[in-house]
1. In the stretch 231-246, what residues are away from the ligand (no atom under 12 Å from the Cβ) and under 14 Å from the mean Cα position of the chain (by Cα)?
2. Out of the stretch 184-200, which residues are within 16 Å of the ligand (Cβ to nearest atom) and farther than 15 Å from Gly173 by Cα?
3. May I ask you to list pairs of residues, at least six apart or on different chains, whose Cβ atoms are under 7 Å apart, with the first in the stretch 184-197 being of a type in the set (Asp, Glu) and the second being open to solvent by less than 30 Å² (accessible area, probe 1.4 Å) and not in a helix (DSSP H, G or I)?
4. Do we find a residue being open to solvent by less than 50 Å² (accessible area, probe 1.4 Å), over 20 Å from Leu135 (Cα atoms) and in a loop (DSSP other than H, G, I, E, B) anywhere in the stretch 39-51?
5. What do you reckon, is Lys28 in contact (Cβ under 8 Å) with a residue 24 or more places away in the chain, more than 17 Å from Ser244 (Cα to Cα) and out of contact with any helix residue (DSSP H, G or I) (no Cβ under 8 Å at 6 or more places or on another chain)?
6. Return the total of residues in the stretch 201-225 being within 14 Å of the ligand (Cβ to nearest atom) and open to solvent by less than 40 Å² (accessible area, probe 1.4 Å).
7. Quickly run through the stretch 156-199 and pick out the residues that are open to solvent by 60 Å² or more (accessible area, probe 1.4 Å) and modelled with pLDDT under 95.
8. Looking at Ile11, Ile18, Ile33, can you tell me which residue is of a type in the set (A, V, I, L, M) and touching a helix residue (DSSP H, G or I) at 6+ places or on another chain (Cβ under 8 Å)?
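The values are calculated or read from the model by the stated rules, or taken from the named source; none is laboratory data. This is a predicted model, so every value here is computed, not measured. Don't worry about glycine lacking a Cβ; one is built from the backbone with ideal geometry, like all the others, and counts go over all protein chains shown. Heavy atoms of the whole protein, side chains included, go into the accessibility calculation; ligands, DNA and RNA do not. Shrake-Rupley method; radii C 1.70, N 1.55, O 1.52, S 1.80 Å.
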Amino acid sequence: MELQANDKTVIASIIPKIRTFVAMSIAKNLEEIRRKIGNDKVTLVAVSKTYDAEKIQEAYAAGQREFGENKAREMQLKHAALPADIRWHMIGHIQTNKVKYIAPFVHLIHSLDSERLADEINKQAAKSARIINCLAQMYIAQEETKFGLDNAEWQALRENYLAGKWPNIRIIGLMGMASNTEDRGVVSKEFAMLGEMFRKESADSRWEGQFSTLSMGMSGDFPLAIQEGSNMVRVGSAIFGQRSYD
Ligand SMILES: *Cc1c(COP(=O)(O)O)cnc(C)c1O
C-alpha cells in the first residue's frame, strides 16, 4: 500500500512526539536507577551496546557521562560520533586484534581476562602514550559460557603485574558477572564471594591504594551487587528499554 500525502503529514507530526517520549523515559529511567542506587559512591555505567547514538544523546542530555559497550568497533564509531567528554567503558570480551580500535580513548576496560590480552593492551596503550585503566574480570558464575579468570590465573596475572610487566596498564579493581538465574540466593552468593575477594585484595599494601573499583551488577541484580560491596554498576536495558537484537 502506498502512503498518501496526508498519511505522510500525520507520520511526520507523530515522530517528534515519539522522540520526546523516548527522551523523557530515558531521563526518567536514569533518575529512577540513581534513586535506587541511593548514594554517590557507586558509579553508574549506562550500557549502550546495540542502542543508537540518538538514545545515547538522550542519556547524555540527562547528565549521564559513563557509557559501556561490548564491541570494539561499535565503541570506536560511537566515540567518533558523540561528545568528547563521554567516558567509554569496555565491558565485553575483546579479541586481541581489536584492542587497537579503542586504545587511544577508552576510559576503563572491565574485561581483562588473560595475560595475552594484558600484553596487547599494554602494547597499544604505549603506542598511544597512555596508561589504560583495567579491571580483572573474575569468573564467578556457574555457567561455562562466561569469560573470566579463575583464582590461579588471577594470582599469576597479579604477580606479573605487580612485578612491573605491563607499565602501560593500571589494574584498579575487579569485575564479575553473576549467573543468569532467577535464584537470588545464587546471585547473592556469587556477588558476596567477589565482594570478599575485592576487600581482601584492596587491603594488600602492594596496591598502594589503587585497587578501588568493584564492577558488578546489571539491570536485574544491581541492588544485590551494591549490598555486597559493588561500587560500579553496568545497567543497560533498565535505562534504554528492551534490546531488539544482541
Ligand atoms: C549487556 C551487559 C550489561 C547490561 O545488561 P542489562 O541487563 O541490559 O542491564 C552489563 N554487563 C555486561 C558485561 C553486559 O554485557
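1. Asn231
2. Looking only at the stretch 184-200, we keep the residues that are within 16 Å of the ligand (Cβ to nearest atom), and these are 184, 187, 190-191, 194.
Within the stretch 184-200, Arg184, Val187, Glu190 qualify.
3. That search, which allows pairs on different chains as well, returns Glu190/Ile140; Glu190/Ala141; Glu190/Ala178; Glu190/Ser179.
4. First, pick out the residues of the stretch 39-51 that are open to solvent by less than 50 Å² (accessible area, probe 1.4 Å): 42-51.
Among the residues that remain, those that are also over 20 Å from Leu135 (Cα atoms) are: 50-51.
If we keep only those that are in a loop (DSSP other than H, G, I, E, B) too, we end up with 50-51.
Within the stretch 39-51 (the criterion being open to solvent by less than 50 Å² (accessible area, probe 1.4 Å), over 20 Å from Leu135 (Cα atoms) and in a loop (DSSP other than H, G, I, E, B)), the answer is yes, since at least one residue qualifies.
5. Numbers: in contact (Cβ under 8 Å) with a residue 24 or more places away in the chain: no; more than 17 Å from Ser244 (Cα to Cα): yes; out of contact with any helix residue (DSSP H, G or I) (no Cβ under 8 Å at 6 or more places or on another chain): yes.
Here the answer is no, as Lys28 does not meet what is asked.
6. Our first condition is that a residue be within 14 Å of the ligand (Cβ to nearest atom); within the stretch 201-225, this holds for 214-225.
This time we only want the ones that are open to solvent by less than 40 Å² (accessible area, probe 1.4 Å), so: 214-217, 219, 221-222, 224-225.
Total satisfying the criteria: 9.
7. Pass one, the stretch 156-199, residues open to solvent by 60 Å² or more (accessible area, probe 1.4 Å): 159, 163, 165, 167, 170, 180, 182-184, 189, 193, 196, 199.
Asn180, Glu182, Asp183, Arg184, listed by residue number.
8. Values: Ile11 fails: touching a helix residue (DSSP H, G or I) at 6+ places or on another chain (Cβ under 8 Å); Ile18 fails: touching a helix residue (DSSP H, G or I) at 6+ places or on another chain (Cβ under 8 Å).
Being of a type in the set (A, V, I, L, M) and touching a helix residue (DSSP H, G or I) at 6+ places or on another chain (Cβ under 8 Å) holds for just one of Ile11, Ile18, Ile33, which is Ile33.
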